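Read the structure below first, then the notes.
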Amino acid sequence: MRMRVVQHRDRRRRARWRRGLWGGGEVLVTVGAVLMLLVVHQLWWTNREARQGAERKVEALEKEWGSGGGGGSASGGTPVAPAPASSPSAATKAPQRAGQRSYTPVIVSGRPRRSQAYAILTIPRLRLRVPVAEGVSKPDVLNKGYVGHYPGTQQPGQAGNFALAGHRNTHGEPFRYLPRLRPRDTIQVETKTATYTYAVDKVLPQTSARDSGVLRPVPHSLVRPGRGYDRPGYYVTLTTCTPEFTSRYRMAVWGKLVSMRPRA
């Protein structure tokens, strides 16, 4: 009977294979653990941190306005005055529709500082109450869980388009449930001087991320003809990414100003 001879180099080769397989398995487990930690950080920790920061900022604004402190600019700190009754021009006269209460538009002078939180956005349908800051910078505004005001668009209560952006996912995700909004749902914007109430009017479920028409003074889509408005008014626009967990497209919710209540 012939015996098989096992050479030492065969044993060394097998040992190297075992060490290689074991090392590769350890690397895969480590990579998987790191990826899981990253997912937890993005989907849980950033939301927790941003929401807590946004809640603290809302409380700080409410305290500031209640005490009459602070000296910001624009609708966050500059006193406003009603438009003269003798000059109801097209640029300042609010549109009157059946079922809407009449009100006097507010003239706002100045602008908030970059990244300054100067208003509070409340959407009852979404149980949302978050700060509004000037600009749409991710590190300075959106990643803090705030809603950002597009520079160059109007301020709350002004004729034209008051346009806002917010994260759909992660970092507080204030606009995650934006698709749940329906016509006539209310959108409130509080500033140091007044509270403005808008009513949801139209929804643009999906458009290009470069569709700048949704931010124009008379908002309308340049990609989807017929979606939006064709005459001046007092509008609010809420924008966010869509579908969820992507930034390929944008959705927009449009509303019209229906009332203004000055702060006491």
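No value in this document is a laboratory result; all are computed from the given coordinates. On a predicted model such as this, the values are computed, not experimentally measured, just so you know. Please note: Cβ atoms are built from the backbone with ideal geometry, for glycine as well, and neighbour counts cover all protein chains shown.
Assorted remarks:
- Full-extension gain in nm, Leu222 to Ser137, via 0.36 nm per residue minus C-alpha separation: 28.2 nm
- For region 108-264, alpha-carbon Rg relative to the globular expectation (2.2 N^0.38 Å, N residues): 0.94
- Counting 0.36 nm for each residue step from Gln206 to Ala264 and taking away their Cα separation leaves a gain of 16.8 nm.
- Placing dummy labels 7 Å off each Cα toward the beta-carbon, the span from Arg12 to Ser247 is 5.3 nm.
- Packing-based ranking, highest mean first, of 48-55, 160-167 given that Cβ atoms within 10 Å are counted: 160-167, 48-55
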